[in-house]
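The values are calculated or read from the model by the stated rules, or taken from the named source; none is laboratory data. A quick note: this is a predicted structure, and the numbers were derived from the prediction, not measured. No Cβ is skipped: glycine too gets one built from the backbone with ideal geometry, and neighbour counts run over all protein chains shown.
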Amino acid sequence: MISRNLRPLLLLLAAPIAFFATFFVAPIAVVALASFATDAGQFTWSHYLRILADQYHWEVILATFRIGIVTTLACIVIGYPLAWYMVRIIRLKTWRRICVILLIVPLFTSNIVRSFGWMVLLGRNGLVNDMLVSTGIVERPMRFLGTETGIIIGLTYILLPFIVLAVGNVLAQLDTSLEHASCDLGASAPSTFWHITLPLSLPGLIAGAIMVFALAVSAYVTPALLSGGKVTVLSILIFQQYSSVFDFHYGGALSMVLLILTLILVAMAGRIRGKHLDGVA
Amino acid sequence: MPSSLLSIEAVSKKFGAFQALHQIDLEVQQGEFIALLGPSGCGKTTLLRTLAGFLHPDAGRILIEGRDIGKLPPHQRPLNTVFQNYALFPHMTVMENVCYGPRRQGMSKSEALKQAQAALAMMGLEGFADRLPRQLSGGQQQRVALARAVVNRPKLLLLDEPLSALDLKLRKRMQLELKQLQNQLGIAFVFVTHDQEEALTMADRIVVMNAGRIEQVGPGDHIYDRPATHFVADFIGEANLLGCHVDESGQLHFAIGGRHPLKDQATVQGDYTAIIRPEHLRLEPASTGRDAPGLRLDVTILDVVNMGSHQMLYVKAGGQALAIRRMGPQQDWLSPGLPAVATLATDDLHLVRGLP
């Protein structure tokens with residue numbers, strides 16, 4: 001029985017729940033069902049068996065997650081110090097605001113435009129190679145386009161703001177008297193960072209990393225443009241199945257594999273957070 | 001003469017154009033309980049943070065047992081701080097919090113645990129070792145912060161208004177406990193507070209600060225009875241400030257009328273402020289004879305406020321209001337509008353230079 005008081009609440013919730021069911025649950029259900037069906041509508045494991053048996057698919061899956069993990073690590077390595085700079089080093093309010101705007105504005109531009117930009121920059125005669133050659137770091141222009149490195153550079157650029165904003169947010173809320181207390185108790189600055197600042201900023205770091213990772217493994221536009229057809233990731237494979245091969249069942253199975261593997265990795269990251277920071281807001 | 005534990009020599013600190021500390025000199029002896037007392041913005045917290053190493057003085061030296069620590073970073077200074085908000089590490093248990101100092105200073109895990117257990121036992125926190133700080137009450141958090149500091153056996157413990165977040169009753173209890181703890185440990189305490197009662201209750205010596213300068217240093221009763229400046233008289237306890245003038249013959253003339261021969265011949269001619277505590281004034285019926293020695297002022301009663309244990313009487317003398325504290329029962333002649341006589345023993349008259 002639903003009590004009288006609960007009824008208006010449920011009515012209020014009905015719209016968002018319906019929206020969630022229609023646009024989040026139903027599509028996944030449709031894809032999941034299709035992945036287990038033959039053209040005739042019979043139940044089958046065959047699409048999944050095909051993925052498991054095929055070495056090519058394993059290579060694509062590995063490449064996808066390799067790109068995802070390296071991109072996430074690169075975002076952490078660049079993003080954490082950047083967030084630190086914006087929150088802790090900058091004293092001038094105006095300059096901090098400008099930095100935040102500079103960080104966010106690219107998000108308003110289409111991924112396609114920005115990925116094309118990187119195609120220009122990373123080309124044989126692009127700005128990056130010009131600089132590398134003229135400074136003598138490399139002798140001949142390096143090949144970025146059509147390599148995983150190129151895709152990782154592009155994705156890192158596009159996804160960096162997510163981690164900077166997430167980490168910056170926790171750093172700004174961190175009580176600096178905790179760091180003072182740590183120094184006061186005899187910890188050097190690096191030791192204080194390791195024992196106090198890093199663990200307390202971990203929730204933001206992990207939230208940002210999960211977002212970056214999920215967006216990196218599912219990205220289509222950037223890998224498609226920067227791969228030049230030479231590197232294939234899961235999203236490209238899925239797109240081909242849906243748009244060129246019209247095999248919705250096989251495309252569905254690939255989508256489910258991507259979804260499940262991503263969820264497993266995200267759950268693992270969540271466990272790290274739970275273990276080290278039980279209940280720390 | 002034993003060398004002092006802490007010597008502060010001519011320390012100055014500026015924030016932009018604001019002079020937060022101005023030529024501060026102070027000596028603290030081994031095992032002494034010092035209270036830095038003053039209104040907010042007087043520089044007491046700045047001084048404490050300078051001692052802890054979070055701020056660096058623009059000029060002057062800070063010595064501990066003769067060693068200049070002014071240039072050392074906080075983690076190399078032989079002192080510890082109890083922070084105003086306790087600053088307990090929220091992601092660590094009580095035990096981990098208390099072990100933090102010994103561990104960072106290179107103590108083995110088992111030894112650190114032993115020390116931390118002893119410190120927690122001393123604070124009566126044996127059963128709380130595995131709790132997280134947010135699972136403790138304010139008073140318990142306060143004790144953990146103390147345990148975390150004293151476990152390092154510092155030569156000097158700095159306390160930054162550590163009781164201000166506690167409710168009144170708990171604060172009173174913690175004041176006594178802190179004093180006991182300090183006696184037991186023999187560590188010198190430098191305690192920042194804006195609460196004069198707290199300072200008077202706990203400190204061996206009180207350092208009264210105002211606008212970046214030290215106004216007076218001394219034991220509580222001395223500061224109360226013999227304030228060196230108007231500011232100290234006004235800040236510590238209640239005081240009636242009366243403008244007066246000493247003439248060449250050593251006579252004291254009050255601005256509100258009345259004069260009085262001075263006992264102390266050393267007092268030179270000039271303008272002074274007489275500082276008179278409300279409890280030193282006696283109010284008597286107007287019919288009282290003039291035989292009593294000491295100061296005598298004719299007054300009119302303005303108001304009588306019963307405070308339970310005593311009465312506060314507000315009277316007017318020559319255009320100036322005076323406060324008088326009176327013990328004893330309410331009486332008929334104590335009613336507003338009636339004339340009376342206020343008297344003061346000569347010993348209770350204290351003069352400072354300059355008009356109020």
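Considering the range A:167-195, the residues that are touching a residue at least 60 places away in the same chain (Cβ under 8 Å) and either within 21 Å of the chain's Cα centre (by Cα) or within 14 Å of chain B (Cβ to nearest Cβ) (or both) include one that is surrounded by the most Cβ atoms within 10 Å (Cβ to Cβ), namely A:167. Do we find a residue being in contact with a strand residue (DSSP E or B) (Cβ under 9 Å, 6 or more places away or on another chain), in a strand (DSSP E or B) and more than 24 Å from residue B:19 (Cα to Cα) anywhere in the range B:178-201? Yes, the range B:178-201 has at least one match.
Annotation: residue B:195 fulfils all but one of (1) surrounded by fewer than 18 Cβ atoms within 10 Å (Cβ to Cβ); (2) in contact with a Cys (Cβ under 6 Å, 6 or more places away or on another chain); the unmet one is (2). In the range B:117-147, of all residues being over 19 Å from residue A:184 (Cβ atoms) and assigned to a loop (DSSP other than H, G, I, E, B), the one that is farthest from the chain's Cα centre (by Cα) corresponds to B:130.
Return a yes/no flag: does the range A:92-114 have any residue that is touching a Phe, Trp or Tyr at 6+ places or on another chain (Cβ under 9 Å) and of a type in the set (D, E, K, R). For the range A:92-114, residues touching a Phe, Trp or Tyr at 6+ places or on another chain (Cβ under 9 Å) and of a type in the set (D, E, K, R): present. Candidates A:101, A:90: the one that is hydrophobic (A, V, I, L, M, F, W, C), in contact with a Lys or Arg (Cβ under 6 Å, 6 or more places away or on another chain) and without any contact (Cβ under 8 Å) to a residue 40 or more places away in the chain is A:90. Against the criterion of being within 20 Å of residue B:316 (Cα to Cα) and β-branched (Val, Ile, Thr), residue B:229 does not qualify.
Let's see how each residue does on (1) outside the structural domain of residue A:171 (by TED's automatic domain parsing); (2) without any contact (Cβ under 8 Å) to a residue 40 or more places away in the chain; (3) surrounded by 14 or more Cβ atoms within 10 Å (Cβ to Cβ):
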position: A:10; (1), (2), (3): yes, yes, no
position: A:23; (1), (2), (3): yes, yes, no
position: A:26; (1), (2), (3): yes, yes, no
position: A:40; (1), (2), (3): yes, yes, no
position: A:53; (1), (2), (3): no, yes, no
position: A:72; (1), (2), (3): no, no, yes
position: A:75; (1), (2), (3): no, no, yes
position: A:80; (1), (2), (3): no, no, yes
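The set of residues in the range B:103-113 that are out of contact with any Lys or Arg (no Cβ under 9 Å at 6 or more places or on another chain), within 10 Å of chain A (Cβ to nearest Cβ) and not in a loop (DSSP other than H, G, I, E, B) contains only B:104. Could you look through the range B:1-40, keep only residues that are part of a loop (DSSP other than H, G, I, E, B) and free of Cβ contacts under 8 Å to residues at least 12 places away in the same chain, and pick out the one that is surrounded by the fewest Cβ atoms within 10 Å (Cβ to Cβ)? For the range B:1-40, the residue satisfying everything is B:1.
Determine, yes or no, whether residue A:72 is within 30 Å of residue A:99 (Cα to Cα) and of a type in the set (S, T, N, Q). Taking the combined requirement at face value, the residue satisfies it.
Among all positions in the range A:114-132, there is no residue which is surrounded by 15 or more Cβ atoms within 10 Å (Cβ to Cβ), modelled with pLDDT of 85 or more, acidic (Asp, Glu) and assigned by TED's automatic domain parsing to the domain that holds residue A:226. If you check B:323, B:340 for being within 18 Å of residue B:255 (Cα to Cα) and in a strand (DSSP E or B), only one passes: B:323. Identify all residues within the range A:196-205 that are under 25 Å from the mean Cα position of the chain (by Cα) and not small (Gly, Ala, Ser); write none if there are none. Those that are under 25 Å from the mean Cα position of the chain (by Cα) and not small (Gly, Ala, Ser): A:197, A:198, A:199, A:200, A:202, A:203, A:205. Test of understanding: among A:207, A:187, which residue is modelled with pLDDT of 90 or more, part of a loop (DSSP other than H, G, I, E, B), hydrophobic (A, V, I, L, M, F, W, C) and over 24 Å from residue A:27 (Cα atoms)? On inspection, the qualifying residue turns out to be A:187. Just one residue in the set A:225, A:200, A:215 is within 14 Å of another protein chain (Cβ to nearest Cβ) and either over 18 Å from residue A:70 (Cβ atoms) or in a helix (DSSP H, G or I) (or both); that residue is A:200. Within the range B:61-95, the set of residues being away from every other protein chain (no Cβ under 14 Å), buried (at least 16 other Cβ atoms within 10 Å of the Cβ) and in a loop (DSSP other than H, G, I, E, B) comprises B:70 only.
Does the range A:153-161 contain any residue that is more than 22 Å from residue A:63 (Cβ to Cβ) and surrounded by 17 or more Cβ atoms within 10 Å (Cβ to Cβ)? The answer is yes, given that some residue of the range A:153-161 is more than 22 Å from residue A:63 (Cβ to Cβ) and surrounded by 17 or more Cβ atoms within 10 Å (Cβ to Cβ). Residue-level analysis places residue B:129 outside the set of residues that are within 13 Å of another protein chain (Cβ to nearest Cβ), out of contact with any strand residue (DSSP E or B) (no Cβ under 7 Å at 6 or more places or on another chain) and over 24 Å from residue A:193 (Cβ atoms).
Of everything listed in (1) aliphatic (A, V, I, L, M); (2) away from chain A (no Cβ under 12 Å); (3) in contact with a helix residue (DSSP H, G or I) (Cβ under 8 Å, 6 or more places away or on another chain), the single unmet condition for residue B:149 is (2).
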